[in-house]
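Each value in this text was obtained by applying a stated rule to the coordinates, not by laboratory testing. For clarity, every value in this text was computed on a predicted model and none was experimentally measured. Here the Cβ is made from the backbone with ideal geometry for all residues, glycine too, and neighbour counts use every protein chain on show.
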């Protein structure tokens, strides 16, 4: 449960979500992520550290590089991700539902 | 907004200042108006999101070029109180063709007043994605996975 909460907090940041989504696609090194995102290498490293402490990603050594991937233990990472997703989606839903009828087609 | 989580499901709820009929209609017919715009797995540019309002219908994204991406099946449609649909999206954010590996979402609408509705959402059976989740690790994460295969391929090319 502590991990679950840490995971939610970790994925509350849009840059960390972007990193998480790219790692869901395939494992990547810090340099790959820094090239693909408008974020510096040290900043990527810092975000990865937070994601790792939250139990969402893990790393391994490959030669002189360190490769990051989602932690495949159970469905914890997927759950944390979807939890954040639905909270954002429902907040947007509330905004639309509370608008006047005439504003929605 | 409150959030709870069990091992294999995610639950969340929200209260909206709108009648139950309107809350249901916006959630289903008008899903495209609030769905996070960065969460489409369509190849092309999104034209619209379509929710077919009947059990057995689909939820799909349509691109401007006419191509479609069906990412959910409507499993129950009971206006204005309940809707259930599948989540045919794998942990790799691709369409999951096997219904046994899809999770599902149940949404309940409860009138708390003429102008006030509680919406309870449960995304459950996440463990059904488990095999895909493991597969991601096995295919690309292990030392014997893609990396080794590509290295062998590269050696072959340069031999």
Practice problem: Provide, in order from the shortest bin, the percent of all Cα-Cα pairs of region B:2-126 in each 10 Å bin, continuing until the bin that contains the maximum pair distance. | Solution: 13, 41, 36, 10, 0
Quiz item: Is there a simple number for the mean count of other chain Cβ atoms within 10 Å of the Cβ of residues in A:59-68, and what is it?
Solution: 1
Quiz item: Averaged over peptide B:24-37, how many Cβ atoms belonging to another chain are found within 10 Å of each residue's Cβ?
Solution: 4
Quiz item: How do A:94, A:52 line up, fewest other C-beta atoms within 10 Å first?
Solution: A:52, A:94
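Taking the square root of 5 times each eigenvalue of the Cα gyration tensor, what semi-axes in Å does the equivalent ellipsoid of region B:4-61 have, largest first?
22, 18, 13
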Exercise. Along Cα→Cβ, 7 Å out, is where each label goes; now give me the distance between the ones at residue B:120 and residue B:43 in nm to one decimal.
Key: 4.2
Quiz item: What FRET efficiency do you get for residue A:21 and residue B:17 if R0 is 35 Å and r is their Cβ-Cβ distance, rounded to the nearest 0.05?
Solution: 0.60
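Within 10 Å of each Cβ in B:117-129, how many Cβ atoms from other chains are there, averaged over the peptide?
On the way: counts 1, 0, 4, 0, 5, 1, 5, 0, 0, 6, 4, 1, 3.
Going residue by residue through B:117-129 and averaging, the value is 2.
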Quiz item: For the residues A:90, A:56, A:37, what sequence is obtained by ranking on other C-beta atoms within 10 Å, fewest first?
Solution: A:37, A:90, A:56
Quiz item: At what distance in nm do the modelled label points of residue A:43 and residue A:62 sit from each other, each positioned 7 Å from its Cα along Cα→Cβ?
Solution: 2.5
Quiz item: How do the peptides B:25-33, A:62-70 rank, highest first, by the average count of neighbouring beta carbon atoms within 10 Å per residue?
Solution: B:25-33, A:62-70
Quiz item: Between residue B:127 and residue B:75, what length in nm is gained on full extension when 0.36 nm per residue of separation is reduced by their alpha carbon distance?
Solution: 16.8 nm
Practice problem: Kindly put B:122, A:98 in sequence by how many other C-beta atoms sit within 10 Å of each C-beta, fewest to most. | Solution: A:98, B:122
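Provide, as a two-decimal number, the C-alpha radius of gyration of region A:2-94 over 2.2 N^0.38 Å, N being how many residues it has.
Values: Rg = 13.2 Å, N = 93, 2.2 N^0.38 = 12.3 Å.
Working it through for region A:2-94, the quotient is 1.07.
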